[in-house]
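Trainee: Mind having a look at this structure? Questions to follow.
The values are calculated or read from the model by the stated rules, or taken from the named source; none is laboratory data. Note that this is a predicted model, so its numbers are computed, not measured. Note: ideal-geometry Cβ built from the backbone for every residue, glycine included; neighbour counts use all protein chains shown.
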Amino acid sequence: MERTGVVVVGAGQAGLSAAAGLRRGGLEPGPGFVVLDGEDGPGGAWRHRWPTLRMRTVNGIHDVAGVRSGFDGPGADPDRPARDAVPAYFARIEDELDLRVLRPVHVRRVSDAGGPLAVDTDRGTWLTDHLVNATGTWTRPFRPTPPGLDTFAGWSLHARAYPGPEAMAGRRVVVVGGGITAVQLLLEIAPYAAATTWVTRRPPEWHSGPFDAARGRAAVARVEERVRAGLPPRSVVGVTGLGLTPEVRAGIASGVLHRRPVFARVVPDGVVWDDGTHEPADVLLWATGWRPALGHLAPLRLRGPGGGIVLGPPLDTGVVADPRVHLVGYGPSASTIGADRAGRAAARAVLARLPVAAGA
């Protein structure tokens, strides 16, 4: 066992922001805090984005921990693959701030050790007074299980495993999901596929204005309401609406972004609606989102009767059921909009509870 003041689990945007706040607050890596990350290198979930996702089509990467990204400055390459650009930026943050992330380390469980928390991993156990959990959602893709799915003779995959549009060449593809991921995939698959069909639970909410700070704050507030009520959070991305970019307008005009309601069942060669309408399909591509990766926290029994984890007052990250635990990249901060702010807030809250900066 090793003893440390704070354990940060996850080194994505929110985790790096929290670690940077602890470092600048006077804590030293090792005795003061450790950052445990399950990936083989920097970048978090961005390491696994599909190969055709370019920086000009992501929802925006805000500067993390005060380290300039340069994604929107002179010399920025909008066509650089996101899975290359963002991990390189995160690696620079780790180096410049000397965060000394330990990886790959997989956290198995976090339990109460009679005062401190015991963070059990595949590389040993850390005892800590505070935990900042920043595990995000990427490792928990959500895919519905409609009737008949097990009979489908084609290829059924979640967007997490999407290999690129070339793999869809000549295939009839049904894309399920109403978010920006579904829209982006449809637009790039359509030129390759034999046919595409877009299916969503609700009609898409289009917006023509820019996705500015005010719109971002409004989206975060909608998710915050559910978290304060003790309900499982909705995705921030899921409540932002869909921007009417020139590419999207062209997709609407061409019929690629013509939305159909969710089908009633899956059959071996496609999908069928309640009225008997049948759509042949070779591929079912589920752009249906993710769920928070919090299974390792189950021993702490943090969930309330509503199924969610209640955090403190608005903008707080502390778990009401256990003040030793902070969640960042959860609920209102599970996006590029609020992750950095949440990480900084968690670091401030933890530092305020420490009598002195351990190791300073």
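Trainee: Which residue out of Val105, Val132, Val110 is surrounded by 15 or more Cβ atoms within 10 Å (Cβ to Cβ), of a type in the set (A, V, I, L, M), in a loop (DSSP other than H, G, I, E, B) and touching a residue at least 60 places away in the same chain (Cβ under 8 Å)? If you could, list the steps in order and put the result at the bottom.
Mentor: Values: Val132 fails: in a loop (DSSP other than H, G, I, E, B); Val110 fails: in a loop (DSSP other than H, G, I, E, B).
Unique residue meeting the criteria: Val105.
Trainee: Quick check on my filter: what residues within the range 141-194 are buried (at least 20 other Cβ atoms within 10 Å of the Cβ) and of a type in the set (Phe, Trp, Tyr)?
Mentor: Residue satisfying the conditions is Tyr162 alone.
Trainee: Across the range 113-126, what is the number of residues that are closer than 19 Å to Ala11 by Cα and either part of a loop (DSSP other than H, G, I, E, B) or not acidic (Asp, Glu) (or both)?
Mentor: Of the residues in the range 113-126, the ones closer than 19 Å to Ala11 by Cα are 119-126.
Still in the list and also either part of a loop (DSSP other than H, G, I, E, B) or not acidic (Asp, Glu) (or both): 119, 121, 123-126.
Matching residues across the range 113-126 total 6.
Trainee: Considering only the range 305-331, how many residues are crowded, with 24+ Cβ neighbours inside 10 Å and within 15 Å of Leu131 (Cβ to Cβ)?
Mentor: Selection size over the range 305-331: 8.
Trainee: Only one of these is in a strand (DSSP E or B), under 26 Å from Pro146 (Cα atoms) and of a type in the set (Val, Ile, Thr): Val325, Val266, Val256. Name it.
Mentor: Numbers: Val325 fails: under 26 Å from Pro146 (Cα atoms); Val256 fails: in a strand (DSSP E or B).
From the options Val325, Val266, Val256, the qualifying one is Val266.
Trainee: Kindly indicate whether any position in the range 52-73 is of a type in the set (Ser, Thr, Tyr), assigned to a helix (DSSP H, G or I), under 28 Å from Asp122 (Cβ atoms) and not assigned by TED's automatic domain parsing to the domain that holds Val248.
Mentor: Of all residues in the range 52-73, those of a type in the set (Ser, Thr, Tyr) come to 52, 57, 69.
Subsequent filtering for residues that are assigned to a helix (DSSP H, G or I) retains 57.
Now narrow it down to the ones that are under 28 Å from Asp122 (Cβ atoms): none.
The answer is no; no qualifying residue exists.
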